[in-house]
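Let me begin by presenting the structure, written as structure tokens, before commenting on it.
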Ligand SMILES: Cc1cc2nc3c(=O)[nH]c(=O)nc-3n(C[C@H](O)[C@H](O)[C@H](O)COP(=O)(O)O)c2cc1C
């Protein structure tokens, strides 16, 4: 592939000064460092009603779906809620069902980097949940993931990581998603589309 690749970040929560949003910003910064065009969708400012099949999608849903469809890579960042991803983040993912009729469908050939912000130490639970969704939507999760423990104390008021290592891990994930998305997109025409039922 020649030209710029696009990486879209999706995440955050309805909590003011969301730590999963701060983490997403740092990862997206990494993707930008690696030469990607980037765009961030903040769960708190998106107007996303609960997913309802067979309704006209509201403007923010259309905007999100178009950006995801155009992107070669995605960064997802959810808080850990009750051992899994938050309802608001899952609702955003549910709206990606609208990509089922696109060619190629869903997240075919897109590379996804996964981040979770947890109060405790079990952020991997949300990462693993997100990975199930990536696979159901035919995407490719990069092996590097960033589950952040004690997320309430991981970022300062400006959204910067208090521990340099946390910021570096997040930026490294962004760079890795950009690198893998570029590799994936090179000389890689989209496959003939599979029937929609093939999604998990
Ligand atoms: C409804 C709810 C459920 C939560 N469940 C868990 C949990 O199961 N495990 C955990 O470690 N933290 C849990 N937390 C803490 C959040 O993961 C933590 O505060 C995280 O930083 C939230 O991300 P945010 O700042 O982006 O909202 C929960 C918080 C809320 C509000």
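Order 102-112, 118-128, 43-53 from most to least packed using the mean count of other Cβ atoms within 10 Å.
102-112, 118-128, 43-53
If you take the square roots of the eigenvalues of the alpha-carbon gyration tensor of region 1-70 and sort them as a ≥ b ≥ c, do you get rounded (a/c under 1.5), prolate (a/b over b/c) or oblate?
Oblate is the answer for region 1-70, as a/c is 1.5 or above yet b/c matches or exceeds a/b.
If the chain between residue 102 and residue 163 were fully stretched, how many nm would it gain, using 0.36 nm times the residue separation less the Cα-Cα distance?
17.8 nm
For region 71-125, state what percent of all Cα-Cα pairs lands in each successive 5 Å bin, counting from 0 Å until the bin that includes the largest distance.
4, 18, 22, 23, 16, 11, 5, 1, 0
Under the rule a/c < 1.5 gives rounded, and otherwise a/b versus b/c splits prolate from oblate, where does region 30-106 land using the Cα gyration tensor?
Here region 30-106 falls in the oblate category.
Where does the Debye-calculated log10 I(q)/I(0) of region 113-165 sit at q = 0.16, 0.26, 0.31 Å⁻¹, using only Cα point scatterers of equal weight, no solvent?
-0.52, -0.96, -1.14
Can you tell me the orientation of helix 124-136 relative to the chain, as the angle in degrees between its alpha-carbon axis and the longest Cα principal axis, to the nearest 10?
That works out to roughly 10 degrees.
For the chain, what D do you get in µm² per second when you plug the Kirkwood radius from alpha-carbon pairs into Stokes-Einstein at 20 °C and 1.002 mPa s?
In µm²/s, the coefficient is 129.
Set the Förster distance to 22 Å, then compute FRET efficiency between residue 44 and residue 136 from the Cβ-Cβ distance, nearest 0.05.
0.30
Quick check on the exposure proxy: order 184, 155 from fewest to most C-beta atoms within 10 angstrom.
Listed from fewest to most nearby Cβ atoms, that is 184, 155.
What does the highest-first list of 31-42, 157-168, 4-15 look like by mean Cβ count within 10 Å?
The most tightly packed comes first, giving 4-15, 31-42, 157-168.
I'd like the orientation of helix 19-33 relative to the chain: the angle between its Cα long axis and the longest Cα principal axis, in ° from 0 to 90, rounded to 10.
Taking the Cα atoms of the chain, the angle to 19-33 is about 60 degrees.
For every helix of n ≥ 4 consecutive DSSP H residues, a contribution of -39,500 (n - 2.57) applies; sum these over the chain, divide by its total residues, and give [θ] at 222 nm rounded to the nearest 500 deg cm²/dmol.
That calculation yields -11500 deg cm²/dmol at 222 nm.
Can you figure out the FRET efficiency of residue 14 with residue 183, using R₀ = 35 Å and their beta-carbon distance, to the nearest 0.05?
Once the sixth-power term is evaluated, E becomes 0.50.
In nm, what is the difference between 0.36 nm times the number of residues separating residue 55 and residue 121 and their Cα-Cα distance?
Answer, rounded to one decimal: 19.9 nm.
Can you tell me, using C-alpha contacts under 8 Å and at least 6 residues apart, the relative contact order of region 1-157 as a whole percent?
24
Using the alpha-carbon atoms, what tilt in degrees (0 to 90, nearest 10) does helix 164-185 show relative to the longest principal axis of the chain?
Roughly 10 degrees, rounded to the nearest 10.
Bear in mind these aren't lab numbers, they're just calculated from the coordinates by the rules spelled out. In this text the structure is predicted, and so the values were computed from the model without any measurement. All Cβ positions, even for glycine, are placed from backbone atoms using ideal geometry, and neighbour counts span all protein chains on display.
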